[in-house]
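Report on the following structure.
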Amino acid sequence: GGTASSRFAKVTHAYPLESLQDVFSFDELGEFYSRVENAVGQAEYVVEYKIDGLSVALEYVDGVFVCGATRGDGQVGEDVTKNLKTIKDIPKKLENAPPHLIVRGEVYMKKSVFDALNAELELHDKPLLANPRNAAAGSLRQLDSKIAAQRRLDIQVFNLQLCQGRTFETHEQSLDYLRTQNFKVIAHRVVNSIAECNEEIVALNESRDQFPFDMDGAVVKVN
């Protein structure tokens with residue numbers, strides 16, 4: 001997040017890249033459940049891990065990747081298309097695609113890549129990078145896309161912003177569709193109760209050190 005840098009062309013997001021509502025206890029999460037169920041009754045939820053990276057929007061016109069932008073302040077971001085094209089998990093052309101598609105994902109640097117990069121910097125007596133998130137953000141915002149390519153960034157897509165001509169009943173359906181379009185989609189679990197939701201959050205927390213990337217929480221969405 002933050003204001004878009006003047007070093008890059010600005011991109012006004014067709015659909016705002018909103019921020020998550022942070023909660024830090026199961027009591028606070030219970031207030032969210034109450035608001036949801038007061039509005040719609042019993043609901044299905046989707047639980048995902050939250051990668052500690054930076055959010056981007058990827059835009060496709062007639063199946064061709066035309067623009068990639070950082071979140072910025074949610075309304076206006078930075079055009080980093082050239083750097084995003086160096087990430088192998090971003091499809092550059094889609095088959096049987098809608099006329100206009102926008103997806104949202106998280107760009108990150110794996111811990112192993114970060115460690116190797118810092119080892120190389122140390123070897124040349126250069127300042128070390130603080131953490132994988134800062135390293136990913138700095139790499140994606142390089143003016144030279146060759147440097148971005150060397151940083152071996154990854155991405156996982158977690159939201160459908162726009163899919164012209166198609167509608168979906170659930171969040172899970174939209175993620176399944178994006179997987180058919182060869183996007184690397186975030187791992188998720190659909191649960192039918194608040195108790196199951198809380199159990200999944202605990203399980204994610206207990207296994208967080210096993211992930212190849214830094215994660216900074218769990219995300220709960222209404223399916």
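Across the stretch 88-117, the qualifying residues are those that are closer than 17 Å to ALA187 by Cβ and among the β-branched types (Val, Ile, Thr), and the one among them that is surrounded by the most Cβ atoms within 10 Å (Cβ to Cβ) is VAL107. With respect to ASP52, is the statement that it is of a type in the set (Asp, Glu), touching a helix residue (DSSP H, G or I) at 6+ places or on another chain (Cβ under 8 Å) and surrounded by fewer than 20 Cβ atoms within 10 Å (Cβ to Cβ) true? So ASP52 fits the description; yes. Flag: LEU160 matches the condition of being open to solvent by 30 Å² or more (accessible area, probe 1.4 Å), within 27 Å of VAL47 (Cβ to Cβ), in contact with a Ser or Thr (Cβ under 8 Å, 6 or more places away or on another chain) and aliphatic (A, V, I, L, M). Taking the listed residues THR70, THR12, the one that is open to solvent by 50 Å² or more (accessible area, probe 1.4 Å), under 30 Å from LYS92 (Cβ atoms) and polar (S, T, N, Q) is THR12, with no other qualifying. Considering the stretch 167-192 alone, what residues qualify as being open to solvent by 50 Å² or more (accessible area, probe 1.4 Å) and in contact with a helix residue (DSSP H, G or I) (Cβ under 6 Å, 6 or more places away or on another chain)? Selection gives PHE168, ARG189. The listed residues are GLY68, GLY72, GLY63, and the only one of them that is under 14 Å from the mean Cα position of the chain (by Cα) and free of Cβ contacts under 8 Å to residues at least 60 places away in the same chain turns out to be GLY68. Residues that are at negative phi, in contact with a Phe, Trp or Tyr (Cβ under 8 Å, 6 or more places away or on another chain) and open to solvent by 20 Å² or more (accessible area, probe 1.4 Å) do occur in the stretch 76-86.
Restricting attention to the stretch 20-44 and to residues that are of a type in the set (Val, Ile, Thr) and open to solvent by less than 60 Å² (accessible area, probe 1.4 Å), the residue that is farthest from HIS171 (Cα to Cα) turns out to be VAL23.
The values are calculated or read from the model by the stated rules, or taken from the named source; none is laboratory data. Keep in mind that this is a model prediction, so the values were computed, not measured. Positions of Cβ are generated from backbone atoms using ideal geometry, with glycine treated the same way; all protein chains shown enter the neighbour counts. Each accessible area value is taken on the protein alone, full model and side chains, heavy atoms only, with ligands, DNA and RNA left out. Shrake-Rupley method; radii C 1.70, N 1.55, O 1.52, S 1.80 Å.
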